[in-house]
1. Need the list of aspartates and glutamates near LYS247 for cross-linking: C-alpha distance under 19 angstrom, and skip anything on the same chain fewer than eight residues off.
2. Determine which aspartates and glutamates satisfy two conditions relative to LYS603: a Cα distance under 16 Å, and not lying fewer than 8 residues away in the same chain.
3. Let me check against my output: what whole-number percent is the relative contact order of the chain, with C-alpha pairs under 8 Å and at least 6 apart?
4. If you take the Cα Rg of the range 1-95 and divide it by 2.2 N^0.38 Å, with N the number of residues, what do you get?
5. What full-extension length gain, to one decimal in nm, is calculated for MET683 and LYS661 as 0.36 nm per residue of separation minus the Cα-Cα distance?
6. What ranking of ILE370, ILE168 emerges when the number of other C-beta atoms within 10 Å of each C-beta is taken as an exposure proxy, fewest first?
7. Starting from the Cα gyration tensor of the range 612-691, take the square roots of the eigenvalues, sort them a ≥ b ≥ c, and report rounded, prolate or oblate (rounded when a/c is under 1.5, otherwise prolate if a/b is larger than b/c, else oblate).
8. Tell me, in nm to one decimal, what length is gained between ASP232 and ASP675 on full extension, where the rule is 0.36 nm per residue of separation less the Cα-Cα distance?
Amino acid sequence: SRAIRTNQDLLPETPWTHIFYNDFWGTLLTHSGSHKSYRPLCTLSFRINHAVGGMDPWGYHLVNVLLHAAVTGLFTNFSRILFGDGYWTLIAGLLFASHPIHTEAVAGIVGRADIGACLFFLLSLMCYMKHCSTRGSSPSTWGWMLGAGLCAGCSMLWKEQGVTVLAISAVYDIFVFHRLKMHQIIPKYLTLFFSIGLLTTWGTALLGVRLYWMGNKPPSFSNSDNPAADSDSFLTRTLTFFYLPTKNLWLLLCPDTLSFDWSMDAVPLLKAVSDWRNLHTVAFYAGLLLLAYFSLKGSSSERECNGRTVMNGKQNANGHSCHSEMEYKTLEVKSSFASKEENGIKKHEMQTMQLPSTENIVILSLSLLIVPFVPATNLFFYVGFVIAERVLYVPSMGFCLLVTVGVRALYVKAQKRFLKNLVFCSTAALIVFYGLKTVVRNGDWQNEEMLYRSGIKVNPAKAWGNLGNVLKSQSKISEAESAYRNALYYRSNMADMLYNLGLLLQENSRFSEALHYYKLAIGSRPTLASAYLNTGIILMNQGKTEEARRTFLKCSEIPDENLKDPHAHKSSVTSCLYNLGKLFHEQGHYEDALVVYKEAIQKMPRQFAPQSLYNMMGEAYMRMSRLPEAERWYVESLRSKSDHIPAHLTYGKLLALTGRKSEAEKYFLKAVQLDPTKGNCYMHYGTFQID
């Protein structure tokens with residue numbers, strides 16, 4: 001991933017403060033091509049991993065697993081506050097721990113952003129719950145409020161959706177802690193409104209700073225990242241965007257088909273009202289609205305526990321209980337509140353607090369399922385994906401709570417022991433199924449080849465293309481070529497795949513075919529600098545110098561605005577200028593070559609290896625008999641890469657020319673030592689000896 005392998009922010013020579021100015025991929029946040037994914041705490045954790053173990057993946061995966069274990073523990077503890085000590089808390093925790101939708105976030109290293117955000121999300125929520133329970137009775141309550149705000153900020157710095165915890169905290173305060181109906185939210189609850197006001201102010205401030213820091217502009221994405229966003233039809237965009245949450249919920253309910261990538265045509269666009277998938281959309285939103293309506297209608301300021309109504313700390317069961325004896329023991333918990341009397345208003349001295357009612361938990365669960373997912377719905381701005389399984393990591397907490405409270409309601413309502421056992425066994429079977437699916441899915445993530453093969457069914461174009469890269473790295477050339485061609489069969493205008501196929505053909509000396517695919521790649525994406533670069537190299541080797549010159553010049557003029565990977569683009573542009581300079585050099589136009597080389601140095605990105613460029617600068621000055629300048633650039637070449645053989649040879653020639661024979665011999669001998677084939681270096685050394 002670019003977030004790790006080519007991210008300069010992970011390297012020790014890069015100032016660590018750059019993390020706070022660049023996006024998740026190492027691109028300056030204000031750059032037009034930036035994804036605007038500001039996750040500095042996650043990048044900082046990657047940098048620590050890199051400092052400890054380099055690029056060894058073991059340490060990165062270990063941290064992800066430990067973070068997931070910590071989140072699972074916190075979520076289980078959070079569930080205990082809602083369900084009490086007993087089976088239901090255990091069920092909620094097991095559902096979350098075993099859910100297959102988490103595989104991408106845990107097994108995929110970049111998924112750490114979601115796990116870290118969820119960790120601080122829960123810490124913030126639990127701090128706010130502590131604030132609610134101590135509000136009006138202890139000065140420490142504002143310390144908990146401060147902790148909730150700071151953890152919310154940290155959650156957002158892990159991933160953007162973390163800020164939504166502030167909205168969840170407000171929902172908890174209103175509907176769970178105070179157990180209010182919608183019409184009961186009135187200004188007489190001054191402390192409630194003050195806390196909600198603080199949450200709103202802090203959330204607005206965080207979002208404002210976030211927007212300012214990323215340059216006050218939303219990110220831009222390609223058509224393949226989010227095809228619906230690029231559609232000209234308002235109807236298509238609307239129907240598709242309304243349908244996508246339905247598809248996401250289905251992945252939570254029945255994660256039988258998972259994929260590393262859901263972009264491109266993985267989810268076909270809904271282009272007409274007659275599309276049968278619209279029925280799923282209607283059923284989803286109708287069910288959601290009904291569930292929310294009855295929960296809001298049924299929630300009451302009266303305290304309800306185990307089928308009893310509790311008012312002022314006393315139970316009134318009307319002579320009977322709606323819940324079983326076991327349920328009563330499982331669900332009840334107590335906490336005490338201190339008393340104060342201010343301005344004639346008396347507060348309860350020792351008030352027994354019961355667990356939230358089913359309706360209260362449903363409201364909180366729905367908010368936990370929906371609100372953190374809102375940033376991914378394209379409602380406020382377009383996102384760079386169709387579906388991303390890792391994005392469901394935080395919302396899955398709401399799903400697990402909904403399933404648990406639903407199972408509990410069925411269990412309580414069941415009159416016969418057989419039915420109760422059936423509900424319990426069905427829930428256990430669901431957990432086992434999720435666990436087995438997670439094990440299987442982890443097998444898919446064991447290596448890249450298995451992962452991409454598993455995604456062919458969902459996104460064949462992307463999966464075949466990535467599989468081609470893997471097979472090529474394994475030297476399975478014919479299989480790699482077939483994979484690239486399969487990818488282009490499903491999506492013929494993929495510039496990256498056209499380029500990769502051209503590169504494979506070029507490396508196997510099939511230059512005419514390679515040129516054909518490079519031209520197709522450029523036609524599909526006119527800003528693909530690497531395709532211009534390789535086209536120019538082939539033309540130059542074929543003696544078509546004028547065509548090569550025009551190609552290199554055109555490449556050098558392509559700006560890096562709105563490009564997904566500006567660093568790679570700058571490297572290709574620098575290489576184009578380097579090759580253009582070589583072309584002028586071979587034609588004897590040394591002044592022109594120097595002008596181009598200097599332009600290449602100016603445009604050169606940090607990650608570009610400059611030794612060959614510096615050496616050619618020295619060669620040009622050498623041909624122009626400007627020996628001091630030539631020596632300077634030879635030294636620079638060797639400083640940037642001490643084992644650069646051409647620089648040893650050219651510098652040795654310069655030293656010999658200026659009468660420093662002993663020094664020259666050292667550089668020739670070093671080149672002979674470094675050159676595994678020996679032949680070319682021996683030839684230059686022999687020429688030196690003759691002279």
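A short reminder: the numbers here are calculations on the coordinates, not readings from a lab. On a predicted model such as this, the values are computed, not experimentally measured, just so you know. Please note: Cβ atoms are built from the backbone with ideal geometry, for glycine as well, and neighbour counts cover all protein chains shown.
1. Partners within reach: GLU104, ASP225, ASP256, ASP261, ASP265, ASP275, GLU389.
2. Correct list for LYS603: GLU557, ASP560, GLU561, ASP565.
3. Rounded, it is 11 percent for the chain.
4. 1.44
5. Extending this stretch completely gives an extra 6.2 nm.
6. Result, fewest neighbours first: ILE370, ILE168.
7. Oblate shape, in that a/c is at least 1.5 and b/c is the bigger or equal ratio.
8. Stretched out fully, the ASP232 to ASP675 stretch lengthens by 153.7 nm.
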